[in-house]
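The structure appears right after this line, and notes come after that.
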Amino acid sequence: MVKRKNLSKSDLITKYMNYTLEHGIPVSVYALAKAQDFDEQQFYQYFGTLQKLESEIFTVFFENTLSALGKSKDYQSFDARNKLLSFYYTFFENLSANRSFVMLSLNGGNLNLKDLKKLSGLRKEFLNFVRGLDIKITDFKQEKIEKFQEKAIEETAWAQFLLTLKFWLRDGSPGFEKTDILIEKAVAASFDIIDSNVFKSLFDLGKFLVKEKFEVKQ
């Protein structure tokens with residue numbers, strides 16, 4: 001009996017992607033293992049379910065993006081806005097190189113709850129990335145408010161990312177040039193809002209309304 005070589009996590013990801021491109025999403029680990037000629041037991045050394053493997057693929061896209069950016073001397077000197085722009089452009093270049101797989105995996109852009117679960121690992125890494133950009137925020141001298149502000153920026157960035165992803169999945173323009181335009185405008189708008197101290201304005205408005213409500217009751 002021929003002994004099959006041990007597979008790495010990367011090997012399994014490649015086999016999964018190849019199977020998906022040729023046959024569609026596998027219905028079971030058994031079906032994947034049989035078609036790609038490896039022992040099913042090897043799969044469980046790295047992943048508990050097919051969904052975990054698929055989630056890992058999008059995390060790998062993220063890791064490859066950061067690896068590419070890390071090799072750029074210019075990137076290290078960028079401010080937060082340009083680092084986020086560079087991330088977007090590089091990440092979607094990686095997706096474009098694997099567009100057929102991504103389209104199959106994410107249901108052609110008709111994202112639903114099941115599809116979003118596949119992005120759970122990516123979401124965690126993306127939020128860590130945004131956190132690490134050290135985006136300047138308004139100093140309220142109140143820890144709870146500043147933490148809320150940081151959380152709002154992170155969640156808004158993730159919502160913007162999902163919007164861009166959905167747009168890219170449906171973008172039929174040459175070289176996905178319309179997605180590039182969306183990225184530029186969306187990132188610019190986000191930082192313009194932050195720079196305009198909108199959080200400070202909303203905070204001041206909230207304080208005024210609370211004060212006025214209290215005084216009216218008196």
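Here are the numbers:
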item: Fully extended contour minus Cα-Cα distance, from Asn110 to Ile25, at 0.36 nm per residue; result: 29.0 nm
item: Quarter of the Cα convex hull surface for the stretch 31-186, i.e. its orientation-mean projected area (nm²); result: 11.8
item: Rounded to whole Hz, the Karplus (6.51, -1.76, 1.60) HN-Hα couplings of the stretch 174-191, x for glycine and proline; result: x, x, 6, 5, 5, 5, 4, 5, 4, 4, 4, 6, 5, 5, 4, 5, 4, 6
item: Listed pairs Lys71/Lys178; Lys151/Lys185; Lys9/Lys178; Lys9/Lys185 exceeding 32 Å between Cα atoms; result: Lys9/Lys178; Lys9/Lys185
item: Using θ = phi - 60° and Karplus 6.51 cos²θ - 1.76 cosθ + 1.60, couplings along the stretch 48-60 (whole Hz; Gly, Pro as x); result: x, 9, 5, 5, 5, 5, 5, 4, 4, 4, 6, 5, 5
item: Debye intensity ratio in log₁₀ form over the Cα atoms of the stretch 1-115, taken at each q of 0.17, 0.22 Å⁻¹; result: -0.89, -1.21
item: Hz values of 3J(HN,Hα) by residue in the stretch 87-98 - Karplus curve (6.51, -1.76, 1.60), Gly and Pro given as x; result: 4, 4, 4, 6, 4, 6, 5, 4, 5, 4, 5, 10
item: Convex hull volume of the stretch 1-66 per residue (C-alpha atoms, cubic angstrom); result: 89
item: Gained length - Lys178 relative to Lys5, 0.36 nm times residue gap less alpha-carbon distance; result: 57.8 nm
item: Value of Rg/Rh across the stretch 69-118 [Cα atoms, Kirkwood radius]; result: 1.13
item: Full-extension gain in nm, Ser67 to Gln51, via 0.36 nm per residue minus C-alpha separation; result: 3.3 nm
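Every read-out reported here was derived from the displayed coordinates using simple, explicitly stated rules and does not represent laboratory data. The shown structure was predicted, so the numbers you read here are calculated from the model rather than taken from an experiment.
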